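Asks: What follows is a single structure, and I will ask about it in a moment.
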Amino acid sequence: MFEKVLIANRGEIALRIHRACREMGIHTVAVHSLADANAMHVRLADESVCIGPNASKDSYLNVPALLSAATITGADAVHPGVGFLSENANFAQMVEEHGMTFIGPKPEHISLMGDKIAAKEEAIRLGIPVVPGSEGGVNSDAEALKVAEKTGYPVLVKAKAGGGGRGMKVARSPEELVEGLQMAKNEAKAAFGNDDVYMEKYLDNPRHIEVQILADGQGTVVHLGERDCSLQRRHQKVLEEAPSPALNAAERERIGKIALSAMEKMGYRSAGTLEFLYQDGEFFFIEMNTRLQVEHPISEMITGVDLVREQIRIAAGMPLEFKQEDIRFEGHAIECRINAENPETFMPSPGKISDYHSPGGLGVRVDSALYSGYAIPPYYDSLIAKLVVHGQSRNECLMRLRRALEEYVIDGVETTIPLHQRLIGETDFINGDYNIHWLEKLLSGRK
Ligand code: ADP
């Protein structure tokens, strides 16, 4: 087992990884930008190294600085967390070339799934159903119009290097498609430095359902069930629940089996997530994330499996200690992503936390690096806390979530807590009756 792990990330996820390491008796090295010198992940780690100035590109995305930090502290492994370099195959490769272990999948699987066109082709090869659309990329207006004629409108133009919902444009007519193609390309170029795009049929009424996978690369693959992440704003997840209120046992088993057999065929290693859209009883693959996900805690809550601990064990070459039949699903879990943002305009609201009190009690978990007096810097993602609640039933979970949100005090900045409070009062949400467009409609007053 590793003696020292460098955590190449910040905020709540850095803390999450630190906690798993600590419980395994592993020393931790935190890295931080100048702005994060007083951050909780730095305060709790055994050692810390400043890796650069405030901007992410000069610090958390600064590969030479990270490799130097790992080398001088004598770390034997690096955990990339989520975001930043977590899906950067080159970083994974460099870590290995410097004699350390990258806690994650094989670099070739990271790069394969990072190219969403190649990922879809691979999914088809592995027997996973995909959203109908272009075969490979789309290079011209004429080509795009031809694809749309075949699938029918509306269509969605998506970026090959996509992520975070960027570089995506819906088109409901040929005119919109010609315009949307250019807009998607421009957005993709600006966001990812690559303007390759592809097309999919735009589904009108789907849910976003994803399957959590864990594979040891030694022949054992398990899934930890599904998460329903349909509550989204601008294609970004806001609240997630597990299990999905939309699936019955047979559908759950079907998608679990598809995911397992695909991962076995692929020879995948580490934690990963297969994302699907689900409509009219059918699943359509959209992408695979070759890393831990923000919403991983809800799967942990219903299975009792510590995903970060398993990632670390797998990276150290240890086989999984359980098989699919050992996984017991219990109860229901919901995660609210709490952002430092105005809950109506979603304008970021960085600043100093004047008072902080986090909820507690049975079935309540808060993953957050906040503390009273902490100043949230303006340079990074606005996610400041994940409130995760577990109950024996969905109803118990909802009641518990309501009271936990009531208890939560984060003063000094605006947060999205009021948005979550509004959500849990909505009849459709209480009934589990929502798709990926529902929240946007609610926010725009069309509901
Ligand atoms: P990203 O990598 O940018 O997150 P995804 O492919 O995972 O992109 O899609 C993000 C979200 O966009 C999905 O959860 C869904 O809400 C929406 N989306 C993606 N593809 C489609 C589609 N074909 N039809 C309708 N909505 C889609």
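Asks: With 76, 58, 46 as the choices, which residue is open to solvent by 20 Å² or more (accessible area, probe 1.4 Å), touching a His at 6+ places or on another chain (Cβ under 6 Å) and either over 29 Å from residue 214 (Cα atoms) or outside the structural domain of residue 270 (by TED's automatic domain parsing) (or both)?
Replies: It is 46.
Asks: Say whether the condition of being within 16 Å of the ligand (Cβ to nearest atom), surrounded by 14 or more Cβ atoms within 10 Å (Cβ to Cβ) and at pLDDT 95 or above is met by at least one residue in segment 411-432.
Replies: No, because not a single residue in segment 411-432 is within 16 Å of the ligand (Cβ to nearest atom), surrounded by 14 or more Cβ atoms within 10 Å (Cβ to Cβ) and at pLDDT 95 or above.
Asks: Determine the pairs where a residue that is assigned by TED's automatic domain parsing to the domain that holds residue 265, located within segment 220-241, has a partner that is hydroxyl-bearing (Ser, Thr, Tyr) and open to solvent by 20 Å² or more (accessible area, probe 1.4 Å) with Cβ atoms under 8 Å apart, the partner being 6 or more residues away or on another chain.
Replies: Cβ pairs passing all conditions: 224/303; 225/303.
Asks: In this structure, is residue 195 assigned by TED's automatic domain parsing to the domain that holds residue 136 and either within 15 Å of the ligand (Cβ to nearest atom) or touching a helix residue (DSSP H, G or I) at 6+ places or on another chain (Cβ under 8 Å) (or both)?
Replies: Against the criterion (assigned by TED's automatic domain parsing to the domain that holds residue 136 and either within 15 Å of the ligand (Cβ to nearest atom) or touching a helix residue (DSSP H, G or I) at 6+ places or on another chain (Cβ under 8 Å) (or both)), residue 195 qualifies.
Asks: Can you go through 55, 92 and tell me which one is in contact (Cβ under 8 Å) with a residue 12 or more places away in the chain, aliphatic (A, V, I, L, M) and touching a strand residue (DSSP E or B) at 6+ places or on another chain (Cβ under 7 Å)?
Replies: Just one listed residue meets the conditions, 92.
Asks: Which condition from (1) free of Cβ contacts under 8 Å to residues at least 40 places away in the same chain; (2) more than 10 Å from the ligand (Cβ to nearest atom); (3) open to solvent by 50 Å² or more (accessible area, probe 1.4 Å) is the one that residue 173 breaks?
Replies: That leaves (3) as the condition not met.
Asks: Next up: Here's a check for you: in segment 79-129, which residue that is part of a strand (DSSP E or B) and under 19 Å from the mean Cα position of the chain (by Cα) is farthest from residue 266 (Cα to Cα)?
Replies: 79
Asks: Let me ask something additional. Being assigned to a loop (DSSP other than H, G, I, E, B), open to solvent by 10 Å² or more (accessible area, probe 1.4 Å) and touching a strand residue (DSSP E or B) at 6+ places or on another chain (Cβ under 6 Å) is the filter; apply it to segment 130-159 and report the residue that is farthest from the ligand (Cβ to nearest atom).
Replies: Ranking the candidates gives 137 first.
Asks: Check off (1) farther than 20 Å from residue 209 by Cα; (2) part of a loop (DSSP other than H, G, I, E, B); (3) under 24 Å from the mean Cα position of the chain (by Cα) for residue 432 and give me the number that stays unchecked.
Replies: Residue 432 satisfies all of (1) farther than 20 Å from residue 209 by Cα; (2) part of a loop (DSSP other than H, G, I, E, B); (3) under 24 Å from the mean Cα position of the chain (by Cα) except (1).
The values are calculated or read from the model by the stated rules, or taken from the named source; none is laboratory data. Because the structure is predicted, anything quoted here is derived from the model rather than measured. Every residue, glycine as well, gets a Cβ built from its backbone with ideal geometry; the counts of neighbours run over all protein chains shown. Note: areas computed on protein heavy atoms with side chains; ligands, DNA, RNA excluded. Shrake-Rupley method; radii C 1.70, N 1.55, O 1.52, S 1.80 Å.
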